[in-house]
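The values are calculated or read from the model by the stated rules, or taken from the named source; none is laboratory data. Keep in mind it's a predicted model, so treat the numbers as computed, not measured. Cβ atoms come from the backbone with ideal geometry, glycine included; neighbour counts cover every protein chain shown. Quick note on the areas: whole protein, heavy atoms, side chains included, nothing else; ligands and nucleic acids left out. Shrake-Rupley method; radii C 1.70, N 1.55, O 1.52, S 1.80 Å.
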Amino acid sequence: MPGLRDMAEAPLRGFEPVAIIQWREAPVFRTAMTLCAVLFAASGFGVVAYSQLASIPILVAPPMERPGYLQATTDPEFGTSFTRVTDPGQLLAPGSLCKPEYCRHRYSSTQAWNADQSLLAINDGCNGICFLDGRTYIPAFHRPMSDDCKWHPVDPELMICISRYAIYRWAPRNDVKAIVYAPSDYTNLQFGPYKGNLSFDGNRLVVVATNRAGALVAFGYDLSTKIKYPDINLSSLPGAHAYCGISPSGRYVYCFHRTTDETEVTYIFALDGTQIQYWPEHHRPGHGDMTIDADGSDVYVGVSKADPDKWHVIKRRLQDGKVTDLIPAGYGTHVSTRNIRRPGWAFVSYEGTRSKVAGSPGYAPFYREVIAVRIDGSGQVRRIAQTRNAKRDYYSETHASPSPDASQVVWSSNWDQPGGPVADYVSRPSWPQTASGG
């Protein structure tokens, strides 16, 4: 009969979720309860006390050949179905040869699917944007595009784009564009740059631009009412601008800034330009995404790089800076909350290696993995995929990003080949049918 250690590192399938509680029994019971935590983690849902996340044994990804293009596969550890949806170096759509080095979605906090999930956008390596069928992943069409475009969160036919001179609506299926706002007194308009999104209702966004006096500014803009909000003078802030974005509710402007000593700080402004918050700690948090919490508050979920929660995944409320610790220190690199139709969860991409995690006592036991964590601080997690990704550069980062209803999650991997071709994969996690969408 195998020992508990052998059982803990073996593939685990088909177990029902269990609740882990605090205990003070003898060591044998603690070991057994730790094993229960593994069973929970492998199967999907349950409640795990935050303090016990770091005690879950580290799972080893079994050897596995890279799946063929468009071949449905099952994750041997988690039982989740996934499919490789791009084929680097091959023709994805007429006139579009995907780069042999990488062919992948854009970024963790950029929504890859449109509002009804009928289309999936592949931006990097496609010489524009390759649009795939959002459910079968068969290439649909290609569009040349150099401007920054983001899916409209409500209208599945639209993207909202920003060029150097204008904001415009774009219907990519028929390639029709309509200018919404083209100011004569601003130039070098930017959507963030790169990391900005629309408010959840699709009405508001933040534009970063150069004004007539040559100063770098940010301002909110409402697409429905065509109201431009007052300028926020970014040039007056010490250091260099990184990016700005609208909060999901449309109430706040979030700006990430780098000071002269390379500290990455955060400013929160109201739409009228009034400063609401200043977070002076380095990157606390960053590499994350914004969402609306259960109480209606705008929050940012990401990775902290400052004490007292350095390397933890944390949630921070925009209106007052309150922090909730979600996951202990670990090798989490990026966080996404693009699951705007199933709020309450954040999707975390983990890099690193088993030896690094094993050599870091107290660290979260995840590496080269995608998980979902509840943002209420309960410690509830869902393990989505083992990515087998050997990070080497930016384009080889995993950048997991869920679809609006979280029924699909796209992530990138070179399949344990450092410097090898980076393809996109889509996992299909199952979720319990509850009134709250849990």
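What the table below lists for this structure:
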| item | result |
| --- | --- |
| Orientation-averaged projected area, Cα convex hull of segment 160-317 (nm²) | 10.1 |
| Using distinct alpha-carbon pairs, which all enter the 1/r mean, Kirkwood radius of segment 124-200 in Å | 13.5 |
| Relative contact order for segment 302-409, counting Cα pairs under 8 Å that sit 6 or more residues apart, in percent | 24 |
| Per residue solvent-accessible surface (Å²) - segment 387-438, probe of 1.4 Å | 35 |
| Dmax and Rg, reported as Rg then Dmax, of segment 75-114 (C-alpha, Å) | 13.2, 39 |
| Compactness index (Cα Rg / 2.2 N^0.38 Å), the chain | 0.98 |
| Equivalent ellipsoid dimensions for segment 107-165 as semi-axes, Å, which come from the Cα gyration tensor, largest first | 18, 14, 10 |
| Cα convex hull volume per residue for segment 42-142 (Å³) | 148 |
| Percent of Cα-Cα distances greater than 22 Å, calculated over segment 95-246 | 41 |
| Solvent-accessible area, 1.4 Å probe, carbon plus sulfur percent, for the chain | 53 |
| Relative contact order computed over the chain (Cα-Cα under 8 Å; 6+ residues apart), in percent | 14 |
| Size of electric dipole in the chain: Cβ of Lys, Arg +1 and of Asp, Glu -1, about Cα centre, debye, nearest 20 | 180 |
| Set Lys150/Lys228; Lys99/Lys356; Lys150/Lys310; Lys228/Lys305; Lys150/Lys177 screened for pairs whose C-alpha atoms are more than 24 Å apart | Lys99/Lys356; Lys150/Lys310; Lys228/Lys305 |
